[in-house]
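As structure tokens, the structure follows; a few thoughts come after it.
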Amino acid sequence: DGGITQSPKYLFRKEGQNVTLSCEQNLNHDAMYWYRQDPGQGLRLIYYSQIVNDFQKGDIAEGYSVSREKKESFPLTVTSAQKNPTAFYLCASSAGERDYGYTFGSGTRLTVV
Amino acid sequence: ILNVEQSPQSLHVQEGDSTNFTCSFPSSNFYALHWYRWETAKSPEALFVMTLNGDEKKKGRISATLNTKEGYSYLYIKGSQPEDSATYLCASLNAGNNRKLIWGLGTSLAVNP
């Protein structure tokens, strides 16, 4: 079955370390997105990519980096520059947001210890 | 900054009750309106994507309407069941916003058996 796989489900990071969250899709979608959710806040866009080898900053890109070397994969790196990284991270993909809904992964909960 | 507002924030109903909630979004340069259902411990699931003023869509006991001139959408659930318990999110896509969805905070629905 087609879908999006995020891994790991839970991740613990020591302060000062970079960590990479994986997002893989087999839906043949061009567009992929990374969101962050914090308690009491709506989904906030970190980065998005509409095509391979291209990506744009979202609303809260500082302290994060991404790559889009393959259509199927859109990994997110949370760097040590991200001051408050503890959050729930969701990856999504879309065949075209005007006509199709997003397909979401199951999320990664990152905790800084 | 474009805002999407949802009301009520939370709702408790009895099994069998019908219910509805509201999503308000910027009407200028409207492009599309998305509705999602997000059950606890699962991924958000797309319910509807609507683009035309007066659109009505239905999926089982759930339906939605769209008024792009005044900037609101209603989501209706007929004969609520416990499995309908979830957070319902809407998101607006407006032309000129770099194809980024703007998300509401959601309406949390609890259906008591």
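Please work out the average accessible area per residue across the protein assembly as shown, using the 1.4 Å probe convention, and give it in Å².
Numbers: 11100 Å² over 226 residues.
In whole numbers, the protein assembly as shown has 49 Å² accessible per residue.
With K and R counted +1 and D and E -1, the other residues having a Cβ less than 12 Å from that of A:Q6 yield a net charge of +1. Note on the range B:5-55 and the range A:12-42: Cα centroid distance 24 Å, given to the nearest whole angstrom.
Here is the tail figure for the range A:43-84: Cα pairs spaced more than 13 Å apart come to 52 percent of all pairs. The alpha carbons of chain B give a radius of gyration and a Dmax of 13.6, 45 Å, in that order.
Which three numbers, in whole Å and largest first, are the semi-axes of the equivalent ellipsoid of chain A derived from its Cα gyration tensor as √(5λ)?
Details: eigenvalues 100, 38, 37 Å².
They are 22, 14, 14 Å, listed from largest to smallest.
For the range A:1-59, the Cα gyration tensor yields ellipsoid semi-axes of 21, 16, 13 Å (square root of five times each eigenvalue, largest first, whole Å). Phi angles of the range B:13-21 translate, via the Karplus equation with coefficients 6.51, -1.76, 1.60 and θ = phi - 60°, into HN-Hα couplings of 10, 8, 3, x, 5, 9, 9, 8, 9 Hz per residue; Gly and Pro are given as x.
Modelled label positions at A:Q41 and A:S7, each set 7 Å beyond Cα in the direction of Cβ, lie 2.9 nm from each other. Sorting B:D84, B:D17 on solvent-accessible area from highest to lowest, probe radius 1.4 Å, gives B:D17, B:D84. In the structure shown, the pairs A:K71/B:K100; A:K71/B:K57; A:K14/B:K100; A:K83/B:K100; A:K57/A:K83; A:K9/B:K78 are assessed against 26 Å; a Cα-Cα span above that value is assigned to A:K71/B:K57; A:K14/B:K100; A:K9/B:K78.
For the range B:42-93, the Kirkwood hydrodynamic radius from C-alpha pairs, put into Stokes-Einstein at 10 °C and a viscosity of 1.306 mPa s, yields a diffusion coefficient of 131 µm² per second.
Where Rh denotes the Kirkwood radius from the mean inverse Cα pair distance, what is Rg over Rh for the protein assembly as shown? Walk me through the numbers on the way to the answer.
Details: Rg = 17.6 Å, Rh = 18.1 Å.
That ratio is 0.97, to two decimals.
Among the GluC sites (Glu not before Pro) within the range B:1-68, which fall in a DSSP loop and have no more than 16 other Cβ atoms within 10 Å of their own Cβ? Write down the numbers at each step before the final one.
Numbers: sites: B:E5, B:E15, B:E39, B:E45, B:E56; in loops: B:E15, B:E39.
Those that pass, being in a loop and sparsely packed, are B:E15, B:E39.
Here the range A:58-113 is treated as a Stokes sphere of Kirkwood radius computed over C-alpha pairs; at 37 °C and 0.692 mPa s its diffusion coefficient rounds to 253 µm²/s.
The values are calculated or read from the model by the stated rules, or taken from the named source; none is laboratory data. All values derive from a computational prediction rather than experimental measurement. Reconstructed Cβ throughout: ideal geometry from the backbone, glycine too, with neighbour counts over all protein chains shown. We work out accessible area using only protein heavy atoms, side chains counted, and drop any ligands, DNA or RNA first. Shrake-Rupley method; radii C 1.70, N 1.55, O 1.52, S 1.80 Å.
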